[in-house]
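Here is the structure we will look at.
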Amino acid sequence: MIKAFGRVLAALAMCALLYSINFSEMLPGEVMMYAGHEHSTSIAPGVRLSELPPMMEASAGTVVAGDVGEYEASISAFGGIARRKINLKVVEPKTLELGGCLVGIKLRGAGVIVIGFADFYRGETLREGDIITSVNGVDINSYQDFEEYAASGESVILHVRRGETEFETELQSVLCDDGIMRLGLWVRDSAAGVGTLTFIDRENGVYGALGHGINENDTGVRFPVRKGTIERSRVAGITKGRSGAPGEITGAFVTGAETLGTIELNSDCGIFGRLLSDVSDLSPAGGGSGSNDPGLGAELPVALSGDVQTGPAEIYCDVGEGVQSYAITIMRLNRLGSATKGILLEITDERLLALTGGIIQGQSGSPIVQNGAIVGAVTHVLVNNPACGYGVFIENMLDYAEEAA
């Protein structure tokens, strides 16, 4: 009996050790702080910063970040069982211009995405979601390019990207009834829709929007960007969300209007690019519901993830009445999980609930403001409870924005 109990304890200890090792890999490799500001050493429940640089004053669970620069520290959990070294990045406090306006999105991929197969497809190598980047050594930039080069002969060589892997495969074309040689592949080369502008970074000349990436609808594969633009758009209609059936904003591109900006990056945390024209006329200044609402284009400080709290906040979006602020409650924070689901929020504003039922498609990217600072952006809705959804921390979006600058 004693031996059996000992084996159980040993097994539990081994499980705990393996779990702590795996959990260590989940801990962030970098933590950002503002120079001269006081920050909590708690990253998440039971997860804390430790072994801080000596020049940083630390007491009672807080740390005052020192000079701008990068430092080495540690992060630990389970009383130190799970631990890893991290990069502590100290930066100057940042301000951004508040977004909230609806924008039209046009995106063309670098290559075409395979979304299905015809009955006469003769290969076995390709899968749905594969990205074909060239045919017989010629780069493919559109569906028309693919059709033209795929019909160039009985046998073609395709260069394919699948996740992080690239390979070449040979396919046989089939002569169809209309006299055209085809490979038997259904492909898609572009995406279009509407979303919400989150912020403008005048210092670096870039914007951020959506809060999540643009994926091909049938396969879920992220569109690789060849070129893309954000355009002036207006709200043409609202489909109210309900349990099991997410609603949406129907947007209309403004004919003849100048392009607002380019799309340089389609990332996990949104789309980013360079702003080409002013957005201030897309909504009345100070268009929020309260007398002190900053309105579209107002400069607000950026709050880091460690400064975000559960409790009252607002989102800014346009659901047909210009950019307005609407009350929400931040219900839970998760700084260690999915980058686009770090904030769990609930819409509490009766006006917005009456108009949309909660969070609907097209609101992705709506900036989240708490205590006068931009803290994140709306990303997803809970399908079975449209009043609730997720948001991304603004610092995660800024990490990608630097790549588009």
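Applying the set (1) modelled with pLDDT of 95 or more; (2) open to solvent by 10 Å² or more (accessible area, probe 1.4 Å); (3) outside any strand (DSSP E or B) to residue 403 leaves exactly one unmet item: (1).
Against the criterion of being surrounded by 19 or more Cβ atoms within 10 Å (Cβ to Cβ), of a type outside the set (A, V, I, L, M) and out of contact with any His (no Cβ under 8 Å at 6 or more places or on another chain), residue 364 does not qualify.
Quick one: is residue 316 open to solvent by 40 Å² or more (accessible area, probe 1.4 Å), within 23 Å of residue 271 (Cα to Cα) and either outside any loop (DSSP other than H, G, I, E, B) or in contact with a Ser or Thr (Cβ under 9 Å, 6 or more places away or on another chain) (or both)? So residue 316 fails the test. Checked against (1) under 31 Å from the mean Cα position of the chain (by Cα); (2) open to solvent by 10 Å² or more (accessible area, probe 1.4 Å), residue 148 passes all but a single condition, namely (1). Taking the range 124-135 as the range and being surrounded by fewer than 17 Cβ atoms within 10 Å (Cβ to Cβ) and touching an Asp or Glu at 6+ places or on another chain (Cβ under 8 Å) as the test, only 128 passes.
Please list, ordered by first then second residue, the pairs with beta carbon atoms under 8 Å, 6 or more apart or interchain, first in the range 293-312 and free of Cβ contacts under 8 Å to residues at least 12 places away in the same chain, second not in a loop (DSSP other than H, G, I, E, B). Sorted first by the residue in the range 293-312, then by its partner, the list stays empty.
Among residues of the range 257-276 being open to solvent by less than 20 Å² (accessible area, probe 1.4 Å) and not in a strand (DSSP E or B), the one that is nearest to residue 378 (Cα to Cα) is 269.
Within the range 144-166, residues that are part of a loop (DSSP other than H, G, I, E, B) sit with their Cβ atoms under 7 Å from residues that are among the hydroxyl-bearing types (Ser, Thr, Tyr), at 6+ positions apart or across chains, in these pairs: 151/173; 153/173; 154/173.
Scanning the range 374-387 for residues that are touching an Asp or Glu at 6+ places or on another chain (Cβ under 9 Å) and either closer than 11 Å to residue 270 by Cα or surrounded by fewer than 19 Cβ atoms within 10 Å (Cβ to Cβ) (or both) turns up just one, 385. In summary, residue 100 fulfils each of the numbered conditions (1) more than 27 Å from the chain's Cα centre (by Cα); (2) outside any strand (DSSP E or B); (3) small (Gly, Ala, Ser) with the single exception of condition (1). For the range 319-367, the set of residues classified as part of a loop (DSSP other than H, G, I, E, B) and hydroxyl-bearing (Ser, Thr, Tyr) consists of 338, 348, 364, 366, listed by residue number. Of the residues contained in the range 284-294, none is found to be at pLDDT below 95, outside any loop (DSSP other than H, G, I, E, B) and surrounded by fewer than 14 Cβ atoms within 10 Å (Cβ to Cβ).
The values are calculated or read from the model by the stated rules, or taken from the named source; none is laboratory data. Because the structure is a prediction, the values reported are computed rather than measured. Heads up, the Cβs are rebuilt from the backbone with ideal geometry, glycines too, and the neighbour counts pull from every protein chain shown. Side chains are part of the model used for accessible areas, which takes the heavy atoms of the whole protein and leaves out ligands, DNA and RNA. Shrake-Rupley method; radii C 1.70, N 1.55, O 1.52, S 1.80 Å.
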